[in-house]
Amino acid sequence: MLDLTFVRTNLELVEQKLRARGADPDALLGNFRKLDEGRRLAITLSEQARAELNKLSQEIGQLKKGGDEQEATEKLKKVWDIKEGLPVLQKRAEDLESRLRKTLECMPNLTRPEVPEGTSEANNVTVKTWGEKTAFDFEAKPHWELGEALGILDMERAAKLSGARFAVYMGAGARLERALANFMLDMHTTKHGYTEVLPPFMVNSKSLFGTGQLPKFAEDLFRCADRDDGLLDELEAQAKRTDYEEDWKRLEEAKDKKAEFNDHWLIPTAEVPVTNLYRDEILDEARLPIALTAYTPCFRAEAGAAGKDTRGIIRQHQFQKVEMVKFTRPEDSDAEHERLTHDAEEILEALGLPYRRVLLCTGDTGFSSAKTFDLEVWLPGQQLYREISSCSNFEAFQARRANIRYRPGGPKGKLEFVHTLNGSGLAVGRTWLAIVENYQQADGSVLIPEALQPYMGGLERITR
């Protein structure tokens, strides 16, 4: 979330940055200036009213001491008039504050100056290419054909179990998925210095708000269905019938439990629970940067445009991912962003997978991000590069929403928001299919990259 004071004092810049993202400033900001002026006026009038109350109270005391009851009574009437109007001013200030906050909640982050302007992925800029595109002296097949022929990927039975955009991995295919996750976690923890985390796979609304998925992207998420077993109706009927205090108390407790139980969403990425580990906390500056990594399933109701990427496992409602998350001081976040991106690149290089690093343009940068590098892996079976990791610097955007702060300069320092970063290290399913397509052989078998063979029990090749 953006800082209110920053938006107020840099409104033209904010409007310019929103246009660069392809957003409509009028639709997002609305009557921001009018709301802000009204809020500040209500606060000023409230403060003036309180000051006047204090002044009148002192004067009334002096008048009573001097025996001037009539004048004291007149001033007392003014006190009551002010006290009657004060709640109205306070309520107006609170209402305007709430409306301003809702406006800020729906505004995207502002992109960094070095982010190229553009409206779509066509305007992204390739900043690095690693490895030669894999080429064969035979016709390369896509992973869905190879996986089916080898008996390691079953899309048909997955559809029977769960519907479209799900997959079942079998035999060596399932082991390859597990091997990749373990390999990535080992690289990040032993070589790159991350601490492994195993978070819950369901989170509450506050967590999704903290990382920017709510309220804007609710339709892209899976929400757990409300459980209504009729218990509340029974408890309420009993409380009305008996009117016992303990029965009313039991009803309220049941309502609280139901509200808590029903506020669960399946995580779209480990970024959500891992970032929110420190929600509403003040971090010790000496601990920064904090680097965490987690392997989790990810659940996304939005799995791409209708009719696009319907074959194979490119876009799934459920997939697995190893995530990297960092908490840094603001002055360190650029360097840590580069380091985090390189950590993801090292996985691809260790596996011998050709890739390129792309700097996303303003129109393609995610809602919460100020700057994002995408890593795109080469897929010879489809003759294209495909995103396998997004590495983003959110600056203070998420930390302000989740209230994650630190105190620079020791105990007497002024509290500041940390900067948060995250990136896939990597999307396991897409790494799986990249290996299958890049390491396919003319006879239909698939070689196992040398770095993965210890995780596959020494297996060197997947055959039928």
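Values computed for the structure shown
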| item | result |
| --- | --- |
| Zone residues, the stretch 4-22, relative to K414, backbone N less than 18 Å from point 7 Å out along Cα-to-Cβ | 4-10 |
| Prolate/oblate/rounded label for the stretch 194-344 (Cα gyration tensor, a/c 1.5) | oblate |
| For V197, distant residues with modelled amide H under 5 Å away | T293, A294, Y295 |
| Simple spin-label estimate for K75 and Q90 in nanometres, 7 Å along Cα-Cβ | 2.3 |
| Using a Förster distance of 35 Å, the FRET efficiency for E59-E37 (Cβ separation, nearest 0.05) | 0.60 |
| MRE, 222 nm, helices only [DSSP H, n ≥ 4, -39500 (n - 2.57), over the chain, to nearest 500] | -13500 deg cm²/dmol |
| In order through the stretch 132-149: 3J(HN,Hα) via Karplus (6.51 cos²θ - 1.76 cosθ + 1.60), integer Hz, x for Gly, Pro | 8, 4, 5, 10, 10, 8, 9, 6, 5, 9, x, 4, 5, 6, 5, x, 5, 5 |
| Rounded to the nearest 20 debye, dipole of the stretch 317-397 from Cβ charges on Lys, Arg, Asp, Glu | 240 |
| A451-F6 FRET efficiency (beta carbon distance; Förster radius 41 Å; 0.05 resolution) | 0.35 |
| Relative contact order computed over the stretch 170-319 (Cα-Cα under 8 Å; 6+ residues apart), in percent | 35 |
| Y244-T44 pseudo-label distance in nm [points 7 Å out on the Cα-to-Cβ vector] | 5.9 |
| Cα gyration tensor shape for the chain, rounded if a/c is under 1.5, else prolate or oblate | prolate |
| FRET efficiency estimate (nearest 0.05) - Cβ-Cβ, K83 to F136, R0 60 angstrom | 0.10 |
| Å² of accessible area per residue within the chain, as computed with a 1.4 Å probe and no ligands counted | 51 |
| Number of Lys pairs (Cα under 20 Å; 8 or more positions apart or on different chains) in the stretch 81-229 | 6 |
| Summed side-chain charge close to K17 - residues other than K17 whose Cβ falls under 12 Å, Lys, Arg +1, Asp, Glu -1 | 0 |
| Cα gyration tensor shape for the stretch 321-464, rounded if a/c is under 1.5, else prolate or oblate | prolate |
| Accessible carbon and sulfur surface of the chain relative to its total accessible area, %, 1.4 Å | 48 |
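The values are calculated or read from the model by the stated rules, or taken from the named source; none is laboratory data. Remember, it's a predicted structure, so these values are computed and weren't measured experimentally. Using ideal geometry, Cβ is built from the backbone for each residue, glycine included, and neighbour counts are taken over all protein chains shown. The area values use the complete protein model at the heavy-atom level, side chains included, leaving out ligands, DNA and RNA. Shrake-Rupley method; radii C 1.70, N 1.55, O 1.52, S 1.80 Å.
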